[in-house]
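Computed from the coordinates by the stated procedures, all read-outs in this text should not be read as laboratory data. What you are looking at is a predicted structure, and each value in this text was computed from that prediction instead of being measured. Cβ: placed from backbone, ideal geometry, glycine included. Neighbour counts: every protein chain shown.
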Amino acid sequence: MKNLFLLPVLLAFTAVAAAAPADHKAAGIAVAPAQVATPERGREAQAALNDFLRAYERGDIAGLQRSLDPALIGYGQLLDGVQADAARYRQMRVTLSDVQVMAGPEVAVVQAHWQKRFLAVNSFQPVLQEGNAMFMLHGDSDGWRLAAVAGDTPFAGGGGVLAQVIFQPAVLVCPPASAACPVTLEVRDPDLAGQGTVSVVLATSTGDRETLTLTETMPGRFQLLPSSLSLVTSTPVANNGTVEVAPGAVLTASFVDENPGAGRPATPVTARIRLP
């Protein structure tokens, strides 16, 4: 879906508007004084966002509709995502930290790091997801409403979170007389919770290229099972199911995130290890 990226436009507009009075004064044009928001407006906007998060945790669709700007891009998809989350998660809690609020009389931006904790219905395992987001709210006499989300969104169907690839250890030393080298290869992508598997391309600096399938072990968390790579010292042959390497080779695991959020196109995410 389209992401909700009105914020860069908003901030650019604010910068231009701030400079306008000086320009108009120089031209001899009368300009009405700009309205300045009080700190209380910022606190009200942050409180409205917190109320929105509590409604999201409860799966309260009616409460969310009251707290959403009808002009929000992806309005229906966000509500559909909330219903999906309510069906597959339990004891959900979203918390904000490192909160910064910029508020005007009618527009406020809340920038924060968020953490989302819940129990997955299919496994009853605890899950932690996190990211960084900017929330834009519109305010009027009826209160504040969420109008846009930029960056990593905690709401299913709301935009996307950039995936992570974990590939360890940094230097891979195989046990003596064994081609099975223990590794941790993992993709974390909350947007793909429930998908079951993802594909990762493993490329070596000596010319091999293989496609590996990672299995979902927790919602949005995919791991190589069994957690080992079978390596052979040989001339590389791509896509033959065997990883051919040479001493000192660098192994790069790549995953393409189709929905990385923050207005980005499909984005490759990589991690590397090497042989001694």
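Taking every pair of Cα atoms in the stretch 164-274, average 1/r, invert it to obtain the Kirkwood radius, and report Rg/Rh to two decimals.
Values: Rg = 14.3 Å, Rh = 14.5 Å.
Ratio of gyration radius to Kirkwood radius: 0.98.
Equivalent ellipsoid semi-axes for the stretch 73-229, as square roots of 5 times the alpha carbon gyration tensor eigenvalues: give them largest first, rounded to whole Å.
After diagonalising the Cα gyration tensor, the semi-axes are 39, 18, 14 Å.
Apply 1/(1 + (r/R0)^6) to the Cβ-Cβ distance of THR184 and GLU106, taking R0 = 35 Å, and write down the FRET efficiency to the nearest 0.05.
Efficiency for this residue pair is about 0.10.
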